[in-house]
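The values are calculated or read from the model by the stated rules, or taken from the named source; none is laboratory data. Computed from a predicted structure; not experimentally measured. Positions of Cβ are generated from backbone atoms using ideal geometry, with glycine treated the same way; all protein chains shown enter the neighbour counts.
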Amino acid sequence: MKDESLFWNNMAQKYAAKAVPSQEIYEEKLNLTRDLFKADMKVLEIGCGTGTTSLIHAPNVAHITGSDFSAEMIKIAKDKAKTKKVTNVKFIQESVQEMDYPENKFDVIMAHSILHLLEDKKETLDKIYKSLKPGGYFVTTTGCIGGIFKIFKPLWYIGFKLGKLPYLGFFTKTDFTSLVRESGFTIESVWSPTKVDLFLIAKKA
């Protein structure tokens with residue numbers, strides 16, 4: 001598998017400075033996730049980027065582990081935590097391929113804006129399911145650009161082969177929800193804030 005960390009390392013500063021596309025939508029996602037939290041919970045965020053979401057949620061839980069395979073993203077996240085004096089969040093550089101947490105370790109696992117960037121989503125979903133406690137929650141925002149957006153696939157492929165763009169999976173919202181169910185989850189709620197994005201909360205039996 002191609003190492004795409006250089007692409008995201010180069011993007012880190014620009015990513016950190018960029019505002020979310022819709023603050024209203026982002027706040028709603030935060031609220032829906034916050035409703036799941038209890039003070040004693042242990043949380044994992046996969047693909048945490050520069051740590052914004054983990055740091056916002058930190059006061060509501062016991063501990064959050066934020067992982068990302070970009071060293072530059074993690075450096076920014078650690079600097080944010082230090083500046084904000086947040087001590088119950090640990091940021092680590094780690095790819096989803098390296099991810100190997102014990103069974104039944106976390107109460108909630110978040111994976112925002114990352115699963116559509118992975119070639120083997122099923123393997124990652126299986127890892128998430130294993131590492132959640134029974135009754136634990138999986139929360140994700142995933143870009144589903146199948147269907148009519150497939151017309152852009154040839155252009156993306158050229159950029160990908162030239163090393164200018166990261167891997168991108170072209171699948172529909174129906175495809176993704178089916179894959180989540182195949183991994184053993186019960187889907188609790190689904191919200192489509194945009195034509196592309198799917199915000200999903202699922203539960204481990």
- In region 87-109, which residues are surrounded by 16 or more Cβ atoms within 10 Å (Cβ to Cβ), touching a Lys or Arg at 6+ places or on another chain (Cβ under 8 Å) and in a loop (DSSP other than H, G, I, E, B)? Val96, Met99, Tyr101
- Considering each residue of region 17-42, count those that are within 16 Å of the chain's Cα centre (by Cα) and closer than 22 Å to Glu72 by Cα, and give that number. 1
- Task: Could you please tell me which pairs satisfy a Cβ distance under 7 Å, a separation of 6+ or placement on different chains, a first residue in region 149-162 that is free of Cβ contacts under 8 Å to residues at least 24 places away in the same chain and of a type outside the set (Gly, Ala, Ser), and a second residue that is outside any helix (DSSP H, G or I) and surrounded by 12 or more Cβ atoms within 10 Å (Cβ to Cβ)?
- Result: Lys150/Phe170; Lys153/Phe170; Trp156/Leu165; Trp156/Leu168; Phe160/Tyr167
- Answer residue from region 1-30, given it is outside any helix (DSSP H, G or I) and not charged (D, E, K, R) and is modelled with the highest pLDDT among those: Ser22
- Query: Could you say which residue among Lys80, Lys29, Lys84 is crowded, with 16+ Cβ neighbours inside 10 Å and either touching a helix residue (DSSP H, G or I) at 6+ places or on another chain (Cβ under 7 Å) or not basic (Lys, Arg) (or both)?
  - Reply: Lys80
- Residue that is modelled with the lowest pLDDT [pool: residues in region 31-54 that are among the polar types (S, T, N, Q) and under 18 Å from Val96 (Cβ atoms)]: Thr50
